[in-house]
Amino acid sequence: MKIGILTAGGDCPGLNAVIRGFAKYVYNQIPNAEIIGIQDGYRGLISGEFSKLKESDFSGILNIGGTILGTSRQPFKQMKVEDQNGESRLDQMVKNYKKNKLDLLVTLGGAGTHKTASLLSDAGCNVIGLPKTIDNDIWGTDVTFGFHTALEIDTECIDRIHTTAASHGRTMLIEIMGNKVGWLTLYAGIAGGADIILIPEIPYDPDEVCNMVTKRYESGKAFTIIAIAEGAMSKKEAAMKKAERLEYRNGEATATNRLARYIQENAGVETRTVIPGHIQRGGNPSPYDRLLSTELGSFAGKLVQEGNFGKTVAIINNQITYNRLSDVAGKTKYVDEDNQMIKIGRSIGISFGDGKKFKGI
């Protein structure tokens with residue numbers, strides 16, 4: 001069996017651990033299997049950058065961040081766009097899959113990667129997906145590898161900012177990755193003891209945020225910690241179209257700096273913003289993510305052994321299972337307002353910037 005493997009989209013901790021778990025299962029359980037590394041994600045599949053990998057290539061990478069295969073982003077919207085020769089990127093990928101006589105393609109990636117994987121599956125390629133993203137937003141799985149490591153990094157960031165905020169009596173806004181969903185901000189905010197948590201799924205009222213800061217100051221608490229997702233938006237912005245929102249922000253990609261200025265001007269407190277940025281993606285995976293990645297990777301090997309293609313691996317209720325690629329593609333797992341963590345947050349006095357009160361768990 002000739003198996004191609006690639007990593008696509010943004011990097012995250014645990015990619016190498018998954019690759020290793022998959023490879024070790026294949027080499028130990030599937031006789032005469034051959035693993036072909038595809039360089040830089042779908043770009044390498046489009047351009048035909050393939051290389052045979054030895055068993056030794058997968059040694060010593062369990063605890064290493066990033067990906068030994070390289071990665072890139074390939075816009076999903078361009079996959080079916082034909083060039084001057086009438087050939088699309090999807091056509092080129094299918095052609096190279098067949099040209100290199102692959103029996104299977106394993107894709108490690110997030111939402112966009114899964115959408116393209118589903119296209120390849122529909123086009124006749126045997127594909128198995130693995131759920132990678134620090135955003136934890138892939139539909140059909142309770143958790144994705146990379147999320148817990150990023151959560152630890154963000155929680156430590158909030159912990160460290162606490163001491164500075166308390167020492168200087170400042171309101172600190174920590175901008176956490178999550179353009180469409182707020183899982184990372186929600187979990188890190190609660191784990192780090194944030195006073196206010198702002199996520200994309202719950203548009204906030206800037207005046208409500210100021211009121212919370214003012215109440216804390218009046219009660220003798222001179223500092224406030226705000227965990228804000230990069231995709232968080234005010235109620236006013238939420239009612240706008242994307243182009244209108246960008247114009248309203250006057251070139252600022254996120255609402256963080258605007259909100260910080262608004263708080264300083266209207267609540268009369270000193271504010272600062274902190275943006276951990278790509279630090280959240282980098283570095284070695286946590287022990288939890290190493291275990292999860294090994295479990296997911298080896299289970300993908302089991303699906304290969306069974307010939308169970310067109311699937312993506314998942315964790316549901318602590319049980320490892322799978323979903324059909326066609327069921328996952330194009331869907332996003334959002335934080336529901338009735339999520340248990342939202343209710344717990346409200347119950348302990350955390351504000352989500354919307355003025356709503358705790359109504360029971």
In this structure, is Glu270 closer than 20 Å to Ala188 by Cα, of a type outside the set (Val, Ile, Thr), touching a strand residue (DSSP E or B) at 6+ places or on another chain (Cβ under 8 Å) and open to solvent by 50 Å² or more (accessible area, probe 1.4 Å)? no
Scan (1) closer than 22 Å to Val181 by Cβ; (2) in a strand (DSSP E or B) for the single condition Gly193 breaks and write down its number. (2)
Condition test on Asp137, is it in contact with a Leu (Cβ under 7 Å, 6 or more places away or on another chain) and of a type in the set (Asp, Glu)? no
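Yes/no matrix, rows are residues, columns are (1) in a loop (DSSP other than H, G, I, E, B); (2) open to solvent by 20 Å² or more (accessible area, probe 1.4 Å); (3) at pLDDT 95 or above; (4) of a type in the set (A, V, I, L, M):
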| site | (1), (2), (3), (4) |
| --- | --- |
| Ala23 | no, no, yes, yes |
| Asn32 | yes, yes, no, no |
| Ile36 | no, no, yes, yes |
| Gly44 | no, no, yes, no |
| Tyr97 | no, no, yes, no |
| Val106 | no, no, yes, yes |
Filtering the range 140-156 down to residues that are in contact with a strand residue (DSSP E or B) (Cβ under 6 Å, 6 or more places away or on another chain) and open to solvent by 10 Å² or more (accessible area, probe 1.4 Å) yields Gly140, Asp142, Val143
Show the residue pairs meeting these rules: Cβ distance below 7 Å; 6+ apart or different chains; first residue within the range 7-27 and closer than 14 Å to Val304 by Cβ; second residue of a type in the set (Phe, Trp, Tyr) and open to solvent by less than 10 Å² (accessible area, probe 1.4 Å). Val18/Phe145; Ile19/Phe58; Ala23/Phe58; Lys24/Phe58
Quick one: what pairs do we get from the range 58-86, first residue closer than 25 Å to Asp122 by Cα, second of a type in the set (Phe, Trp, Tyr), C-beta under 7 Å, 6+ apart or different chains? Gln74/Tyr42
Take the range 317-344 and flag every residue that is within 18 Å of the chain's Cα centre (by Cα) and farther than 16 Å from Gly129 by Cα. Lys333, Tyr334, Val335, Asp336
Taking the range 196-228 and keeping residues hydrophobic (A, V, I, L, M, F, W, C) and assigned to a loop (DSSP other than H, G, I, E, B) leaves Ile199, Ile202, Ala222, Phe223
Where residues in the range 305-359 are touching a residue at least 24 places away in the same chain (Cβ under 8 Å), in contact with a Leu (Cβ under 8 Å, 6 or more places away or on another chain) and assigned to a strand (DSSP E or B), which of them is surrounded by the most Cβ atoms within 10 Å (Cβ to Cβ)? Thr312
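Residue-wise test of (1) touching a residue at least 24 places away in the same chain (Cβ under 8 Å); (2) of a type in the set (S, T, N, Q); (3) open to solvent by 10 Å² or more (accessible area, probe 1.4 Å); (4) in contact with a strand residue (DSSP E or B) (Cβ under 9 Å, 6 or more places away or on another chain).
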residue: Gly189; (1), (2), (3), (4): yes, no, no, yes
residue: Leu198; (1), (2), (3), (4): yes, no, no, yes
residue: Tyr204; (1), (2), (3), (4): yes, no, no, yes
residue: Asp207; (1), (2), (3), (4): yes, no, yes, no
residue: Arg216; (1), (2), (3), (4): no, no, yes, yes
residue: Phe223; (1), (2), (3), (4): yes, no, yes, yes
residue: Ala227; (1), (2), (3), (4): yes, no, no, yes
Would you tally the residues in the range 1-21 being at pLDDT 95 or above and open to solvent by 10 Å² or more (accessible area, probe 1.4 Å)? 2
Selection from the range 310-324 of residues that are closer than 22 Å to Arg20 by Cβ and hydrophobic (A, V, I, L, M, F, W, C): Val313, Ala314, Ile315, Ile320
I'm trying to understand the selection: among the residues of the range 109-126, which are of a type in the set (S, T, N, Q) and part of a helix (DSSP H, G or I)? Thr113, Thr116, Ser118, Ser121
Extreme residue, farthest from Ile134 (Cα to Cα), among residues of the range 56-91 that are part of a helix (DSSP H, G or I) and open to solvent by 40 Å² or more (accessible area, probe 1.4 Å): Asp91
Would you pick out the residues in the range 229-260 that are buried (at least 21 other Cβ atoms within 10 Å of the Cβ) and in a helix (DSSP H, G or I)? Thr256, Leu259
Members of the range 131-182 found to be assigned to a loop (DSSP other than H, G, I, E, B), among the small types (Gly, Ala, Ser) and under 20 Å from Thr332 (Cβ atoms), listed by number: Gly140, Gly146, Gly178, Gly182
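The values are calculated or read from the model by the stated rules, or taken from the named source; none is laboratory data. A quick note: this is a predicted structure, and the numbers were derived from the prediction, not measured. Don't worry about glycine lacking a Cβ; one is built from the backbone with ideal geometry, like all the others, and counts go over all protein chains shown. To get the accessible areas, we keep the full protein, side chains included, count just its heavy atoms, and leave off ligands, DNA and RNA. Shrake-Rupley method; radii C 1.70, N 1.55, O 1.52, S 1.80 Å.
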